[in-house]
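Visitor: Quick one: structure below, then a few questions.
The values are calculated or read from the model by the stated rules, or taken from the named source; none is laboratory data. As the structure is a prediction and not an experimental result, all values here were calculated from the model. Please note: Cβ atoms are built from the backbone with ideal geometry, for glycine as well, and neighbour counts cover all protein chains shown. The accessibility values were calculated without ligands, DNA or RNA, using every heavy atom of the protein model including side chains. Shrake-Rupley method; radii C 1.70, N 1.55, O 1.52, S 1.80 Å.
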Amino acid sequence: MSADRDPLPTPAAVVTVDTGGDAGRSGDAGASAGAGPVFVLVHGIGVSSRYFERLVPALAEEGRVIAVDLPGFGKARPLRPRLGFSIEEFADAVARALDGLGVSEAVIVGHSMGTQVAVCLADRRPDLVRALALLGPVMAPDDRNPLRAGALLGLDTLREDARGNRIVIGDYLHCGVRWYLATLPAMLGYETEQEIERVHVPTLVVRGGRDPIARDAWVDALAERSGGGAARVPGVAHLVMHGAPWRTAELIASLVAAPGSDASQQADAAPVRDAMPERDTTR
C-alpha cells in the first residue's frame, strides 16, 4: 500500500442479508446454516446489495444466501477512507465479513465490479471460495476509460425495467459523485482477463442478452481463460439477476450441482450460449 493511502485496516463489508442466520431469516425462505451450499452476493460500483432483492429468494431455494454492502456503499457508506479502496481491499473486506460469519468454501456471486472483487477474493483467499459466478463482468479492455464506461452505463439504463432503474439510481444518489469517482479508477484498472487465470475454481460467466457492457466476446474470453462456462440469458440487460432472477439462480446453482445432473450440464464450457427463458414468477 502506498504511503498516501490510509494506514487503517480495511473494514469488513456489512452483511445485509443472511438467510441462514437468525437475524437474516425471513419466514422459511432460507436454508438453515450448514445445510447445502452458501452463496455470497457482491454488488458493483455505485450501488448496494439492494438490487439482489429478486435473486435472494430464488437462490435461497438452493442454499444459504449472504449479501454484503462493500465499504463506502449502501449500509456501509460510513466506512469510507480519505481515498477510495482498491479491488484488493474490497476483496479483503468481503473476506473479513465471511471470517466473522465462520463461512468458507462459498459460491461467490459477483455482479459488475463485484465480479472483479470475486475473482480477487478467490486469488487472495482460496479457502473461502468454492466456485465463482460472474454476472455482467466489467470491463472489456476497449471500455476502460471513464467516458466509454459512462456511455455504456447510460445505454443500459434504457434497457432496464423501471424497478431496476429506481434501485440503481437511488443507490447512485446515496453513493454520491465523489465516492463513485474515488472508486472508478480501481474498477477501470483491474485486468480481470489476466487475474482470472490465477484462479482455479469452477467458474460460470453470465450475461443478459441485451447487456451493452458485458458483451459476448468479453464473456467468452473470460470463460475461456477461466476454463469455465458461459451463458447468455435472453431478454434482459446488465441487471441479469434482477430481470431474470430464477433463471440466474438456476445457472448459479449449476456450479454446485451433482456431476452429470441436468443442472450441472448448464455450466458447460464456452462459447456463450443462450440459457432457457425466465420462468413465470407470478406466484
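Visitor: Restricting to segment 94-112, name every residue that is under 20 Å from Val47 (Cα atoms), in contact with a strand residue (DSSP E or B) (Cβ under 8 Å, 6 or more places away or on another chain), assigned to a helix (DSSP H, G or I) and not β-branched (Val, Ile, Thr).
Guide: Within segment 94-112, just Ala97 meets the criteria.
Visitor: Now for a different question. Of the residues that sit in segment 166-206 and are out of contact with any Leu (no Cβ under 9 Å at 6 or more places or on another chain), of a type in the set (Asp, Glu) and open to solvent by less than 80 Å² (accessible area, probe 1.4 Å), which one is farthest from Gly84 (Cα to Cα)?
Guide: So, considering only residues that are out of contact with any Leu (no Cβ under 9 Å at 6 or more places or on another chain), of a type in the set (Asp, Glu) and open to solvent by less than 80 Å² (accessible area, probe 1.4 Å), the one farthest from Gly84 (Cα to Cα) is Glu195.
Visitor: Does any residue in segment 158-170 that is under 11 Å from Arg50 (Cβ atoms) and assigned to a helix (DSSP H, G or I) come within less than 6 Å, Cβ to Cβ, of a residue that is open to solvent by less than 30 Å² (accessible area, probe 1.4 Å) and at pLDDT 95 or above six or more places away or on a different chain, and which pairs are these?
Guide: Matching pairs, first to second residue: Gly164/Leu239; Gly164/His242; Ile167/Tyr51; Val168/Val47.
Visitor: When segment 145-159 is examined, which residues are found to be within 17 Å of His242 (Cβ to Cβ) and under 19 Å from the mean Cα position of the chain (by Cα)?
Guide: Of everything in segment 145-159, those that are within 17 Å of His242 (Cβ to Cβ) and under 19 Å from the mean Cα position of the chain (by Cα) turn out to be Leu153, Asp156, Thr157.
Visitor: Restricting to segment 113-129, count the residues that are part of a helix (DSSP H, G or I) and surrounded by fewer than 24 Cβ atoms within 10 Å (Cβ to Cβ).
Guide: So the count comes out to 5.
Visitor: Take the residues in segment 207-242 that are open to solvent by 50 Å² or more (accessible area, probe 1.4 Å) and part of a loop (DSSP other than H, G, I, E, B); name whichever of them is farthest from Ala151 (Cα to Cα).
Guide: Applying the filter and picking the extreme gives Gly227.
Visitor: Given Gly84, Gly136, Gly100, which one is small (Gly, Ala, Ser) and open to solvent by 30 Å² or more (accessible area, probe 1.4 Å)?
Guide: None of the others qualify; the one that does is Gly100.
Visitor: Output the residue which, of all residues in segment 1-35 that are under 20 Å from the mean Cα position of the chain (by Cα) and in a loop (DSSP other than H, G, I, E, B), is modelled with the lowest pLDDT.
Guide: So, considering only residues that are under 20 Å from the mean Cα position of the chain (by Cα) and in a loop (DSSP other than H, G, I, E, B), the one modelled with the lowest pLDDT is Gly30.
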